[in-house]
1. Identify, from the list VAL241, VAL208, the residue that is of a type outside the set (Ser, Thr, Tyr), more than 28 Å from the chain's Cα centre (by Cα), farther than 21 Å from PHE306 by Cα and open to solvent by 30 Å² or more (accessible area, probe 1.4 Å).
2. Kindly indicate which of TYR369, TYR400, TYR338 is in a helix (DSSP H, G or I) and either in contact with a Gly (Cβ under 7 Å, 6 or more places away or on another chain) or surrounded by 14 or more Cβ atoms within 10 Å (Cβ to Cβ) (or both).
3. Would you mention how many residues in segment 122-165 are outside any helix (DSSP H, G or I) and open to solvent by less than 70 Å² (accessible area, probe 1.4 Å)?
4. Would you list the strands (runs of 3 or more DSSP E) that sit entirely within segment 187-305 and hold 2 or more residues that are under 30 Å from GLU328 (Cα atoms) and modelled with pLDDT of 90 or more?
5. Which of (1) over 30 Å from the mean Cα position of the chain (by Cα); (2) exposed (fewer than 15 other Cβ atoms within 10 Å of the Cβ) is the odd one out, the single condition GLU311 does not satisfy?
6. If the Cβ limit is 6 Å and pairs must be 6+ apart or interchain, which residue in segment 308-324 that is closer than 16 Å to MET170 by Cβ and of a type outside the set (A, V, I, L, M) pairs with which residue that is open to solvent by less than 60 Å² (accessible area, probe 1.4 Å) and in a strand (DSSP E or B)?
7. Looking at segment 1-27, I want the residues that are on the phi > 0 side of the Ramachandran plot and surrounded by 11 or more Cβ atoms within 10 Å (Cβ to Cβ) and have a partner that is part of a loop (DSSP other than H, G, I, E, B) and not hydroxyl-bearing (Ser, Thr, Tyr) with Cβ atoms under 9 Å, at least 6 apart or on another chain. Which pairs are those?
8. What is the number of the single condition among (1) among the basic types (Lys, Arg); (2) in contact (Cβ under 8 Å) with a residue 24 or more places away in the chain; (3) closer than 19 Å to GLN167 by Cα that ARG201 does not meet?
Amino acid sequence: MLVRRMLDKLWNVYGFFVTYANIDTFDPMKFQLSVVQRSELDRWILSELQQTIQVVTNDLEQYDTSKPADAMQEFLENLSNWYLRRSRERFWKTGMDNDKVAAYLTLYECLMTLVTLLAPIMPFITEKIYQNLVRSVNTNAPSSVHLCDWPKVNEELLDEGLSSETQLVMRIVSLGRAAREKVQIKVRQPLNALYVRVLNRLEEEALVRHSEQVLEELNVKHLHFITNDSKMLAYTLKPQVKILGPKYGPLVQKILTAFKSLDTRGAHEAANLLNETGTLNFTIDGQQIELTSDEVEVIATTRPGFIATEERGYVVALETTITSELREEGLVRDLTHYIQDMRKKAGFNIEDHISLTFYTDEDLASILYRHETILRSETLAESLSIRLDQPRAQIQGEAYRENISPHELKKLENYTVEVVLARL
């Protein structure tokens with residue numbers, strides 16, 4: 001199952017590249033762009049690639065195939081779930097500016113290096129990808145992936161600082177998604193504010209630099225930091241009895257009593273100390289007690305209107321109040337998502353422009369009018385018509401129509417709208 005998932009992911013990334021390279025007639029042999037001219041996102045994935053080459057090479061030389069497989073799977077996850085997802089709009093835009101060229105070249109280099117690394121483990125699929133992506137554009141390349149030189153680490157591309165900062169961003173995003181999941185608010189629904197607590201000032205500065213990524217990934221408008229004296233969070237500390245029992249014996253009950261007696265301020269101070277230093281020190285019956293973060297669970301709860309998640313001192317709290325403006329944005333995002341699905345069902349190509357017609361009531365129509373520009377842009381609609389009359393049996397060039405209502409699988413709250421997609 002693990003191998004199949006890895007194969008599927010590799011094939012999906014390869015398929016993405018081929019699809020858009022064909023649309024743009026992109027030939028990697030005709031473009032050159034130095035790494036310093038590429039985006040931070042490009043430099044990050046290339047740094048991760050160098051680390052992967054390092055791990056795979058060192059461990060294969062020790063006849064260990066387990067760690068290299070894990071390293072390549074982790075890189076593929078980062079390539080697919082972070083780099084490619086965050087780069088999609090760079091491939092979608094028209095023209096061929098340096099940013100788009102950088103995205104193509106970076107993804108191509110990652111794919112080619114990964115295919116070479118995977119060749120001893122997956123000889124057939126890597127050969128198929130190699131023949132299509134390399135031999136088809138460069139007849140002077142080795143005739144097989146299995147005849148290629150083994151990749152070497154380019155030390156100049158290693159950037160540990162950028163890697164650690166991106167890992168921090170990914171962690172905060174993961175906690176933010178978990179918070180949304182707690183209250184069942186999907187990511188397509190925009191929210192107003194995200195409150196974050198990290199371990200130190202350097203991490204705060206890193207998040208400020210990468211705040212755009214965090215806000216985009218979580219679909220939130222504003223980022224704030226939780227200070228030690230903030231009243232955003234209330235803390236509960238739960239000593240782990242199974243761990244402390246063998247260590248402190250009969251003192252465990254007194255330790256539990258000490259924690260239960262903490263007031264709100266005391267719990268707040270203890271939680272902050274544990275998060276910052278990793279330990280709590282106090283005395284019971286003349287014996288010095290030192291508890292670590294593994295021995296005390298810190299549970300953060302938020303005031304009404306917020307939801308929080310926490311992991312090893314990192315705290316993410318989301319403001320869950322949805323204003324009328326945020327609600328409208330969420331509805332339009334849902335509708336856009338549905339239309340993208342309809343485009344696929346209608347057999348449109350990714351680059352095809354369409355005509356859109358909506359049949360609905362005045363309430364939803366007013367919302368759609370306010371967001372007409374974004375609807376047209378996101379769905380490649382050259383024309384958009386919003387009608388209040390009864391749906392016609394057929395419109396010119398019609399390719400597909402579908403009803404969205406509270407009784408269908410696709411829903412927009414209590415609204416009903418019939419969507420018609422037509423060819424131009």
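1. Of VAL241, VAL208, the one residue that is of a type outside the set (Ser, Thr, Tyr), more than 28 Å from the chain's Cα centre (by Cα), farther than 21 Å from PHE306 by Cα and open to solvent by 30 Å² or more (accessible area, probe 1.4 Å) is VAL241.
2. Numbers: TYR369 fails: either in contact with a Gly (Cβ under 7 Å, 6 or more places away or on another chain) or surrounded by 14 or more Cβ atoms within 10 Å (Cβ to Cβ) (or both); TYR400 fails: in a helix (DSSP H, G or I).
Just one listed residue meets the conditions, TYR338.
3. Number of matching residues: 13.
4. Ranges flagged: 191-197, 220-225.
5. (1)
6. THR309/VAL316
7. none
8. (2)
The values are calculated or read from the model by the stated rules, or taken from the named source; none is laboratory data. Everything numeric here is computed off the predicted structure, so don't read it as measured data. A quick note on method: Cβ atoms are made from the backbone with ideal geometry, for glycine too, and the neighbour counts reach across all protein chains shown. Areas reflect the complete protein model, heavy atoms only, side chains present, ligands, DNA and RNA absent. Shrake-Rupley method; radii C 1.70, N 1.55, O 1.52, S 1.80 Å.
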